[in-house]
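No value in this document is a laboratory result; all are computed from the given coordinates. The structure presented is a predicted model; accordingly, all values stated were derived computationally and were not measured. Note that we place each Cβ from the backbone using ideal geometry, even for glycine, and neighbour counts take in every protein chain shown.
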Amino acid sequence: MGLEGIDGTVAVVTGAGGGIGRAVVAALAAEGARVAAVDRDPHGLAGTVEQTRAFGGDVAPHTVDVRDEAAVEDLFDAVETDLGPVAHAVNVAGILRTGPVTDLSGADWADLFAVNTTGVFHVCRAAARRMIARAAGSIITVASNAAGIPRADMAAYGASKAAAALFTKSLGLELGPHGIRCNVVSPGSTDTPMQRGMWQGPHDAEKVIAGDPAKFRAGIPLGRIAHPADVAAAVRFLSSAQARQITMHDLYVDGGATQRA
């Protein structure tokens, strides 16, 4: 049985060129949404479109950089003109920079916040401006469990995701009276190109699952690294009518890695 409240609606998904974003596009399209897939990488978008249309999903690619304020506004105007009113906005676009704070460049810090935080602001504001007039809508930000627990060598990344998560939940306070829900999904280690980019050997997945006491990092109690579809399933639920009473929530999809109470 499918979820209610998605079929026939319009969704905007950023970071749709691969990984979790591609999985979110597929999950919402499978429920009958008309999806505007957004990414700054046209080649990644082409792969997402091909995969989604292979099962009959309705998807339209848009090459947009979420750091560009005007481009994001133009995106929402174009989507609403071509597809209809946006009912779901999902922020997945994100970048990763790792390493000790003492080695982190100012450019790396600025890049992380430009995409992971300011990009979320641009998309959320554009979505909210249009949803308020209709007194309905759902906004979801895919953050990270690194936003809720200190991670060695990931201080800047975690800070950018924590800012995005708190911004999204605070926005939920403002938009609640208009019937608009704002939620956060916080993945842990997920099998994506971003995750694999941190690996250096054939056994790194096992090391992630086991944890690293030297870096004060716990393992994953469920004993597996997430698949992008696991995260997309959480987004799909929070987008649905079954989650109509859920807002300002932060759903961790990390196999228990952060041992959230």
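Residue exposure proxy: Leu171, Leu251, ordered by other Cβ atoms within 10 angstrom of their Cβ from fewest to most, comes out as Leu251, Leu171. Residues in the stretch 146-153 carry Karplus couplings, in order, of 5, 6, x, 8, x, 10, 4, 6 Hz; the curve used is 6.51 cos²θ - 1.76 cosθ + 1.60 with θ = phi - 60°, and Gly or Pro positions show x. Let me make sure I get this right: for the stretch 79-170, a, b and c are the square roots of the gyration tensor eigenvalues over alpha carbons, sorted descending. Under 1.5 in a/c it's rounded, otherwise prolate if a/b > b/c, else oblate. Which is it? Verdict is prolate for the stretch 79-170.
When both bridge partners sit in the chain, DSSP labels roughly 5% of those beta bridges antiparallel. In whole percents, the pair-distance distribution calculated for the chain from its alpha-carbon pairs, binned every 10 Å from zero, is 7, 32, 38, 19, 4, 0.
When only alpha carbons are used to place a centre, the stretch 1-67 and the stretch 90-142 end up 18 Å from one another.
Note: relative contact order over the chain, using C-alpha pairs below 8 Å and six or more positions apart, is 20 percent. Residues whose amide H comes within less than 5 Å of that of Ile139, counting only those at least five positions distant or on another chain, are Ala89, Arg181, Cys182, Asn183 (H built at 1.01 Å from N in the peptide plane).
Relative contact order (percent) for the stretch 85-147, with alpha-carbon contacts under 8 angstrom and 6 or more residues of separation?
With pairs under 8 Å counted, the relative contact order is 58 percent.
Each residue, Lys207 and Glu4, gets one label point 7 Å from its Cα in the Cβ direction; the gap between the two is 4.9 nm. Under 22 Å of direct C-alpha separation, and excluding same-chain neighbours fewer than eight residues apart, Lys161 reaches these lysines: Lys169, Lys215.
Note on the chain: with charges restricted to the Cβ of Lys and Arg (+1) and Asp and Glu (-1), its dipole about the Cα centre is near 640 debye. Between Gly44, Val235, Thr81, the Cα set farthest toward the positive side of the dipole of the chain (charges on each charged residue's Cβ, about the Cα centre) is that of Val235. Rg over Rh for the stretch 72-117 works out to 1.22, using Cα positions for both radii and the Kirkwood form for Rh. As an equivalent ellipsoid, the stretch 106-261 spans semi-axes of 30, 18, 13 angstrom, where each value is the square root of five times an eigenvalue of the C-alpha gyration tensor, largest first. Ranked for footprinting exposure by Cβ neighbours inside 10 Å, fewest first, Cys182, Cys124 give Cys124, Cys182.
Spin-label pair Arg224-Ala114: with each label point 7 Å from Cα along the Cα-Cβ axis, the two points sit 3.8 nm from one another. The gain in end-to-end length when the Ser105 to Phe237 segment is fully stretched comes to 43.7 nm, 0.36 nm per residue minus the alpha carbon separation. Sorted ascending by nearby beta carbons within 10 Å, beginning with the fewest, Thr81, Thr63, Thr192 become Thr81, Thr63, Thr192.
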